[in-house]
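Worksheet: one structure, shown below.
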Amino acid sequence: MNVSYLYSLLAVIILGLIAYVGAAIGLESLFGIVIPYLAILAFLVGFVNKVLDWAKSPVPFRITTTCGQQKTLDWIKPSTIDNPTTTRGVIIRMLLEILLFRSLFRNTRVEFKGEKVSYKWVIWLWLFAIMFHYSFFVVVIRHLRFFVEPTPFFVNALETVDGMLQLGLPGLFISGATLLGATTLLLLRRILLPKMNYISRAADYFPLFLIIGIALTGIMMRYFTKVDVVKIKELTMGLASFHPGIPEGGVSALFYVHLFFVSLLVAYIPFSKLMHMGGIFLSPTRNLANNNRMKRHINPWNPKVKIHTYDEYEEDFRDKMKDAGIPVEKE
Amino acid sequence: MGDLPKPDEMYESIDHTPPEEEWEKIESPITPGRYAYPAKDKNLSIMEFRTPGEWSPADEEWPLPENWQQIIHEGFKERLEKYRSLKIFMDTCVRCGACADKCHYFIGTGDPKNMPVVRAELLRSIYRNDFTTAGKILKKLSGGRELTKEVIKEWFAYFYQCSECRRCSVFCPYGIDTAEVTMMGRELLNLLGLNINWIMEPVANCFRTGNHLGIQPQAFKEIVEFLCDDIEEITGIKINPTFNRKGAEILFITPSGDYFADPGTYTFMGYLMLFEALGLDYTLSTYASEGGNFGLFTSSDAMKKLNSKMYAEAKRLGVKWILGGECGHMWRVINQYMDTMNGPADFLEVPKSPITGTVFNNASSTKMVHITEFTADLIRHNKLKLDPSRNDKFKVTYHDSCNPARAMGLLEEPRYVINNVCNYFYEMPENTIREQTFCCGSGSGLNTEEVMDLRLRGGLPRANAVKHVHEKYGVNMLACICAIDRAAFPPLMEYWVPEVGTTGIHELVANALVMDGEKERTTDLRFEPLKEEEDEADEG
């Protein structure tokens, strides 16, 4: 069995310890100010560079993957979303992909049952992915509280919904629990399913462990060690307003571990598969209309190629064509 | 098929359990039955590719040029700069595994390198190592690896075990299209002169003689006339198609497989009978005597060279528009590449059916109509006299060819036609048709005899679905709209479901078509009795 996840786990543990020890021995400014700023910088520069690099390459052909009926005869109902011919259709198709993971929802699993090969509809991957992405999204929005003053109304509203279970004190946020749950499920899937285990590499496990680390430290701070939120907000507001500083009396070392993990994740995005968050918008099989036969697509580098012309062809076969009674250009 | 295991043995032997060792460490098995013979120099030189001389994939040492690493590196770089798709597909995969069991070659072989995700990783690992910051710093940890001769062998083995069917792309959350990855991989191999002859010979033939099979103009005419004699024998009607006739309204182009061998020839006869019944003003061309385009399986330049003949010939003959026959990858080229590569076809008119007056606005730019669109429109307007009972001995199912399904969306037209010319039509299970259809196992130039093991395994998902409807409904005829299907299905069915035959849709149309002045038909286009002889009933 492939145990490359152990390397990633080890890496994340060591990184966590580095931040913990670093904060304890007085490197708070490094972990609380310098590294977060560097991470944001790396993210912005890396992300923009990557997207510009993608944009630099043209889309020479319109290679839509069609997943439904084309638009042809008036009386045949076209599939306007899965096989779009208009910009509107493309936008809806993209929204369904980006917001609802439509393609993943189609997932099936092949099974050999006796003499039959069957394809069972399975939604687990889709479900875990949706849980993960949306809870992460909610968690990020909630954290705006630490960077914006006064707290925007939608953050408060979201927190009310997120905390509607009204369990414990401070009240449990559903998103935190689902984030940890979904990442754990995605991780277990990679470790336990043989095919997933086989295709997974350190680069797949690393971000998962990192996010699990983020969720765990966050949950610990909120529900168990009960860190001083006021001081943390003082630090984060300092970062957001470009007047960084370490609060008097210090913050729990656990917070620095949390912040270090977040910094690593943010900086890691542009250089890893996490760039799928940008790539999904640019995938030419999804973001183009299947209207090639109606509207010519232009390839900016359309090359001039040497073709075998009709005249050359007739030159080769003229006598045979004449004998067979096939019309020719030159008698 | 001498060396092949029995079907149940092959089926039992399929194991999807991944091996112990990581795929990066497994040397690619170059075993008989899984690799096609390499392209011959004479064909490569016609297309101006590098000629490596005589060699075999089974050789220890491959005939690579001195600077092969540089050629691949620069070729890769050039393609990254030319295709955004390649960059996106290299960067965005998260290895979620959704594609892993969607590939017919993986389902049939259990070989992990046939999982689409790993097939793409074969290229991606080199991309990371050579072209990304993370790969340059983290090396193996980021999933990169060095380009070695072993990698080239692996590419050859696995980019010629992909039929570019795009099924995985339907399920990918980012629409990553393995066909695109395979096409790029094959282009890179082409730079080294590594191709397979089953692709390069048709390409070279098509370039020179106008069709994949290398049929010369006079022979093309003879074959067609021979098929017309058969039609006369069956219907009593003499058809005289024209060749290279200037001023015809429509140029008809179909794959050469349709006039070369059974059962494609019956479909070709079907086209001619339909056109005769309509009194269509059309012509065939000997110069553009190929609908298919094996250039698609070679390189975009080769595809363009071969495809250019369609518009060039339409222009020379002065036709108004082009009608295209039943073929799979041909229609990917026409729908997604032709107009971009060789258009604009401003010398043609927007296609209009001379029989019904329907204007095909969906083809207003390419000016080329698919024959099932054309025929569906005729039937809808009641322009054909049909007697579907002449197909009553057939219990028909329909195979969506990969490219018309996933690179076009031609799903309802063929079904509408079948339903009007046959009384017994049954769909295969939902996850095996339409956009989820399975490849015949022989697409993208892999329909050669020496890879029969691979073809039968890759064709298993399709064949197994046919077997299902055969057992459930007594299906005995597999209809399709692809010339490669018509060549690939007979041996595939013979192996997995021997009771099922293969037909094109226009063979079924012509069986049912009542032509003015025809004699009473006693046989179908195959010279077989219209009705199944009821031996058993008599004997019982």
*Can you tell me the order of B:182-191, B:288-297, A:86-95 when each peptide is scored by its average per-residue count of other Cβ atoms within 10 angstrom, highest first?*
B:288-297, B:182-191, A:86-95
*Which whole number gives the average, over all residues in A:191-197, of C-beta atoms from other chains lying within 10 Å of the residue C-beta?*
3
*Pulled fully out, how much extra length does the chain show between A:Y134 and A:M220, if you take 0.36 nm times their separation in residues and subtract their Cα-Cα distance?*
28.9 nm
*Quote the accessible area belonging to A:I219 in square angstrom, nearest 10, computed with a 1.4 Å probe and with ligands, DNA and RNA left uncounted.*
30 Å²
*the range B:401-415 to the range B:207-232: how many Å between their Cα centroids?*
28 Å
*Percent antiparallel among DSSP beta bridges (both partners in chain B, rounded to 5)*: 15 percent
*In whole Å, how far is the Cα centre of the range A:7-42 from that of the range B:511-533?*
82 Å
*Residue-averaged 222 nm ellipticity for chain B, from DSSP H runs of 4+ at -39500 (n - 2.57), nearest 500*: -13500 deg cm²/dmol
*In nm, to one decimal, how far is the modelled label at B:E66 from the one at B:D15, with both set 7 Å along Cα→Cβ?*
4.7 nm
_Charge context of B:L478, other residues only, Cβ under 15 angstrom, K/R +1, D/E -1_ = -1
_Rounded Å value of the spacing that divides the Cα centres of the range B:29-59 and the range A:285-317_ = 27 Å
_Can you compute the charge dipole magnitude of the range B:202-512 about its Cα centre, using +1 on each Lys and Arg Cβ and -1 on each Asp and Glu Cβ, nothing else charged? Give it in debye, rounded to the nearest 20._
640 debye
*Estimated FRET transfer efficiency (A:M237, A:L169; beta-carbon r; R0 30 Å; 0.05)*: 0.75
*If we sort B:438-445, A:249-256, B:241-248, A:303-310 on the protection proxy, mean other Cβ atoms within 10 Å, highest first, what's the order?*
B:438-445, A:249-256, B:241-248, A:303-310
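Please compute, for peptide B:299-312, the average count of beta-carbon atoms on other protein chains lying within 10 Å of each residue's beta-carbon.
Working: counts 0, 6, 4, 1, 1, 6, 4, 3, 1, 4, 5, 0, 0, 5.
For peptide B:299-312, the averaged partner shielding equals 3.
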*Using a 10 Å cut-off on Cβ to Cβ distances, tally the other chain neighbours for every residue of A:200-208 and report the average as a whole number.*
4
*R0 of 25 Å, Cβ-Cβ distance B:D59-B:D3: FRET efficiency to nearest 0.05*: 0.75
*Grab the other residues whose beta carbon is less than 11 angstrom from that of B:D229, score K and R as +1, D and E as -1, and report the net.*
-4
*Report, in debye and to the nearest 20, how large the dipole of the protein assembly as shown comes out about its Cα centre when Lys and Arg carry +1 and Asp and Glu carry -1 on their Cβ.*
4000 debye
*May I ask you to rank B:V466, A:V140 by accessible area, largest first, using a 1.4 Å probe over the protein chains only?*
A:V140, B:V466
_Restricting things to Cα coordinates, could you compute the convex hull volume per residue of chain B in Å³?_
151 Å³
_Paramagnetic label zone (point 7 Å from Cα along Cα-to-C-beta, A:V148; backbone N under 19 Å) in the range A:201-232_ = none
*Label point distance in nm, B:K246-A:T108, each placed 7 Å from Cα along Cα→Cβ*: 5.3 nm
*Assuming R0 = 56 Å, what is the FRET efficiency of B:D516 and A:W121, from their Cβ-Cβ distance, to the nearest 0.05?*
0.65
*To the nearest 20 debye, what charge dipole does chain B have about its Cα centre, counting +1 at the Cβ of each Lys and Arg and -1 at the Cβ of each Asp and Glu?*
2440 debye
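What percent antiparallel are the DSSP beta bridges of the range B:202-512, to the nearest 5? Numbers along the way, then the final one.
Working: 1 of 20 bridges.
Antiparallel: roughly 5 percent of the beta bridges in the range B:202-512.
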*Could you please report the charge total around B:L513, scoring K, R as +1 and D, E as -1 over all other residues with beta-carbon less than 13 angstrom from its beta-carbon?*
-2
*At A:T309 and B:I223, where each label point lies 7 Å from the Cα along Cα→Cβ, what is the point-to-point distance in nanometres?*
2.8 nm
*Among A:I246, A:L38, A:F137, whose Cα sits farthest toward the positive end of the charge dipole of the range A:4-300 (+1 at Cβ of Lys/Arg, -1 at Cβ of Asp/Glu, about the Cα centre)?*
A:F137
*Top positive-direction residue, dipole computed over the protein assembly as shown with Cβ charges, set A:W54, A:T86, A:T64*: A:W54
*Positive-end residue, the protein assembly as shown charge dipole about Cα centroid, Cβ charges, pick of A:W124, B:S28, A:A215*: A:A215
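Report, in cubic angstrom per residue, the convex hull volume of the C-alpha atoms of the range A:166-308.
258 Å³
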*Distance-filtered residues of the range B:8-32 - backbone nitrogen under 14 Å, label point 7 angstrom along B:T148 Cα→Cβ*: B:22-29
*Do the alpha carbons of any pairs in A:K116/B:K472; B:K87/B:K136; B:K42/B:K221; B:K40/B:K153; B:K25/B:K113 sit beyond 21 Å of each other, and which pairs?*
B:K42/B:K221
_Cα gyration tensor category, rounded, prolate or oblate, for the protein assembly as shown with a/c compared to 1.5_ = prolate
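The values are calculated or read from the model by the stated rules, or taken from the named source; none is laboratory data. The model shown is predicted, which means the values in this text are computed figures rather than measured ones. Neighbour counts run over all protein chains shown; Cβ positions are idealised from the backbone, glycine included. For accessibility, only protein heavy atoms count, side chains too; no ligands or nucleic acids. Shrake-Rupley method; radii C 1.70, N 1.55, O 1.52, S 1.80 Å.
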